[in-house]
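Report on the structure given below.
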Amino acid sequence: MLPNSLKNSREFKRVYDFGKSYANKYLVMYVYNNETEENRIGISVSKKVGNSVIRHRATRLIRESVRLNEEKIRKGYDIVIIARGSIKDKKYKDVESAYIHLCKLHHLLHNERDEKD
């Protein structure tokens, strides 16, 4: 089951303006504490990435990475994931590892945070 999604530009803008961002080769991730007990996800793939087929595939790969790793992520955040142009011909495993990498940078993984405490 996917977490709730960010619906409108005002919600996206709040995450962009007040959230913290990290990037890697394929993705950019903004994270903002929403002070609730659930995560909300927004995915953005620009027209610069490619045609509609490529953009939809990138969106599906990102969404699947989020879905399959949902139980590893701490709750209470608005997360915006932006695809970069280099995502174009990548396999699922590449996108998933990029997503996990950004989650580690943002300290969103349960086990990583528990080890520090």
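The values are calculated or read from the model by the stated rules, or taken from the named source; none is laboratory data. Everything quoted here is computed from the prediction, not taken from an experiment. All Cβ positions, glycine included, derive from the backbone under ideal geometry; neighbour counts span all protein chains shown. Surface areas here come from the heavy atoms of the whole protein model, side chains and all, with no ligands, DNA or RNA. Shrake-Rupley method; radii C 1.70, N 1.55, O 1.52, S 1.80 Å.
Solvent-accessible area assigned to carbon and sulfur over the chain amounts to 49 percent, based on a 1.4 Å probe. Restricting attention to the chain, close to 65% of DSSP beta bridges with both partner residues there are antiparallel. Among residues other than LYS90 with Cβ under 14 Å from its Cβ, the summed charge is +4 (Lys and Arg +1, Asp and Glu -1).
On full extension of the chain, what length is gained from ASN69 through LEU105, given 0.36 nm per residue of separation minus the C-alpha to C-alpha distance?
On the way: separation 36, 0.36 × 36 = 12.96 nm, distance 1.54 nm.
Between ASN69 and LEU105, full extension yields 11.4 nm more.
Rg/Rh for the range 9-106 stands at 0.94; both radii use Cα atoms, and Rh follows the Kirkwood definition.
Please state, rounded to one decimal and in Å, the Kirkwood hydrodynamic radius that the range 50-117 gives when every pair of distinct Cα atoms enters the mean of 1/r. Don't jump to the answer; show the numbers that get you there.
Numbers: mean 1/r = 0.0778 Å⁻¹.
By the Kirkwood definition, the hydrodynamic radius is 12.9 Å.
Over the chain, accessible surface divided per residue gives 61 Å², non-protein components excluded, 1.4 Å probe. Residue by residue, the range 80-96 carries 3J(HN,Hα) couplings of 10, 10, 10, 7, 9, x, 6, 6, 2, 10, 8, 7, 4, 4, 5, 5, 5 Hz when phi is fed to the Karplus relation 6.51 cos²θ - 1.76 cosθ + 1.60 (θ = phi - 60°); x denotes Gly or Pro. Between the amide H of GLY42 and those of LEU6, ILE79, VAL80, ILE81, distances stay under 5 Å, these residues lying 5 or more places away or on another chain, with hydrogens modeled in the peptide plane.
Which net charge results for the neighbourhood of SER9, defined as the other residues with beta-carbon distances under 15 angstrom from its beta-carbon, given Lys and Arg at +1 and Asp and Glu at -1?
Net charge around SER9: +2.
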